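Peer 1: Sharing a structure with you now.
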Amino acid sequence: MEKYLEQTKQQGFCIVENIFPSFYVDMINKSIDNYLLESHDGIVYEKNTSIVRAIHGLHLFDPFFMELAKTNFLLDFAREYLSDDIYIHQYKINMKAAMDGQSWPWHQDYVYWKEGDYIESPRLINIAVALDDIPMLSGPLCFIPGSHRFGDLTKNNDLVAGDWSKDVSANLTYQIDKKVLTPLIENHGYEFVVCKAGDLIIFDPQLAHSSSNNLSPFERRLLLVNYNAVSNAPTKKSKRPAFLSSVDFSPLSNNPCKSKDDQHVMEVNEND
Ligand SMILES: O=C(O)CCC(=O)C(=O)O
């Protein structure tokens, strides 16, 4: 755990391999398929299509997803990183459909939570679970190492907030423009996060990141949980719906170990 905390503090992200075993990843993917059989708020589509781009707020409707976000490693990491109790600010699956899943332009996450949700400080952390293998062809996340230390990289743009749906589209509201991106990449480079199903990708909400279209014939599902420090909960009501911005700020407690499957995950956790 210590080494991952240090990497995240230094470079803004880390990869933790093989946290969720394949049977558990299969269970998550089946639960997503079942979830999509019913209509729910928070499902968004690629522009002018019926292709699901992302599903938001699943933990509000299905306890399976809430329990997953309480896995020991995830909670312990987030608590340590933020030095506080934590709650889930946002929970989503980015589906990136085979050959049709669209890009995420260069951006940081915190500006959305500041402008849209009135969260005062970037004391949050993203923990993503790869639900498929993610090779280069599938549009992996791409990070600029160390960019989380430079504050809001979109602040000089003439950007006007719109409807919440723009915040989750391939035409994002707050993007990092070419003038800012050029020196960042020249000085710090970039890193694609190719990984395996079951790996975790942990990243700071100020880290500059993007991902391209899924050019492969395989799905690229990524589950993302965003934890906020309880002491950083907003004091003003968000402009956005609850599936994008939590209204429940009560601290999370760890998922008790109930089954052999959970036991396995917990053993993996303890080895780190
Ligand atoms: O799923 C991806 O590739 C990008 C996700 C992302 O940047 C975001 O959700 O903020």
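Peer 1: Which numbered condition trips up Asp163, out of (1) open to solvent by less than 70 Å² (accessible area, probe 1.4 Å); (2) free of Cβ contacts under 8 Å to residues at least 12 places away in the same chain?
Peer 2: For Asp163, the exception is condition (1).
Peer 1: Just checking, how many residues over segment 4-32 are in a helix (DSSP H, G or I) and either under 19 Å from Phe143 (Cα atoms) or among the small types (Gly, Ala, Ser) (or both)? If you could, list the steps in order and put the result at the bottom.
Peer 2: Step one: list which residues in segment 4-32 are in a helix (DSSP H, G or I), which gives 4-11, 22-32.
Retained after the next criterion (residues that are either under 19 Å from Phe143 (Cα atoms) or among the small types (Gly, Ala, Ser) (or both)): 4-11, 22, 31.
So the count comes out to 10.
Peer 1: Here's something else I'd like to know. Going by the conditions given, is Lys155 open to solvent by 10 Å² or more (accessible area, probe 1.4 Å), in a helix (DSSP H, G or I), away from the ligand (no atom under 12 Å from the Cβ) and under 30 Å from Ala233 (Cβ atoms)?
Peer 2: no
Peer 1: Moving on. Please go through segment 178-195 and pick out each residue that is without any contact (Cβ under 8 Å) to a residue 12 or more places away in the chain, under 11 Å from Ile144 (Cβ atoms) and not acidic (Asp, Glu).
Peer 2: Residues of segment 178-195 that are without any contact (Cβ under 8 Å) to a residue 12 or more places away in the chain, as a first pass: 178-179, 182-183, 186-187.
Okay, now just the ones that are also under 11 Å from Ile144 (Cβ atoms), so 183, 186-187.
Within segment 178-195, Pro183, Asn187 meet the criteria.
Peer 1: Cβ contacts < 7 Å: first residue near the ligand (Cβ under 9 Å from one of its atoms), restricted to segment 99-118; second residue assigned to a helix (DSSP H, G or I) and modelled with pLDDT under 95, any location; separation 6+ or different chain. Result?
Peer 2: Tyr112/Asp167
Yes/no matrix, rows are residues, columns are (1) surrounded by 15 or more Cβ atoms within 10 Å (Cβ to Cβ); (2) in a loop (DSSP other than H, G, I, E, B); (3) touching a residue at least 60 places away in the same chain (Cβ under 8 Å):
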residue	(1), (2), (3)
Gly151	no, yes, no
Ala170	no, yes, yes
Ile176	yes, yes, yes
Leu207	yes, yes, yes
Asn214	yes, yes, yes
Glu219	yes, yes, yes
Leu223	yes, no, yes
Asn228	yes, no, yes
Thr235	no, yes, yes
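Peer 1: Still on this structure, I have one more. Is one or more of the residues making up segment 44-67 among the aromatic types (Phe, Trp, Tyr), assigned to a strand (DSSP E or B), in contact with a strand residue (DSSP E or B) (Cβ under 8 Å, 6 or more places away or on another chain) and within 14 Å of the ligand (Cβ to nearest atom)?
Peer 2: We begin by selecting, within segment 44-67, every residue among the aromatic types (Phe, Trp, Tyr); these are 45, 61, 64-65.
Remaining after also requiring assigned to a strand (DSSP E or B): 45.
The next check asks that each one be in contact with a strand residue (DSSP E or B) (Cβ under 8 Å, 6 or more places away or on another chain); those that pass are 45.
In the following step, the residues that additionally are within 14 Å of the ligand (Cβ to nearest atom) were identified as none.
No, because not a single residue in segment 44-67 is among the aromatic types (Phe, Trp, Tyr), assigned to a strand (DSSP E or B), in contact with a strand residue (DSSP E or B) (Cβ under 8 Å, 6 or more places away or on another chain) and within 14 Å of the ligand (Cβ to nearest atom).
Peer 1: Next up: Just name the residue that is most open to solvent (accessible area, probe 1.4 Å) out of those in segment 67-111 that are among the small types (Gly, Ala, Ser) and within 16 Å of the chain's Cα centre (by Cα).
Peer 2: Among residues in segment 67-111 that are among the small types (Gly, Ala, Ser) and within 16 Å of the chain's Cα centre (by Cα), the one most open to solvent (accessible area, probe 1.4 Å) is Ser103.
Peer 1: Using beta carbons and a limit of 6 Å, which pairs, at least six apart or on different chains, have the first residue in segment 57-74 and within 11 Å of Ser31 (Cβ to Cβ) and the second one in a helix (DSSP H, G or I) and of a type in the set (Gly, Ala, Ser)?
Peer 2: Taking only residues 6 or more apart or on different chains, the pairs are Phe64/Ser31.
The values are calculated or read from the model by the stated rules, or taken from the named source; none is laboratory data. A quick note: this is a predicted structure, and the numbers were derived from the prediction, not measured. Neighbour counts run over all protein chains shown; Cβ positions are idealised from the backbone, glycine included. All accessible areas refer to the heavy atoms of the entire protein, side chains included, with ligands and DNA or RNA removed. Shrake-Rupley method; radii C 1.70, N 1.55, O 1.52, S 1.80 Å.
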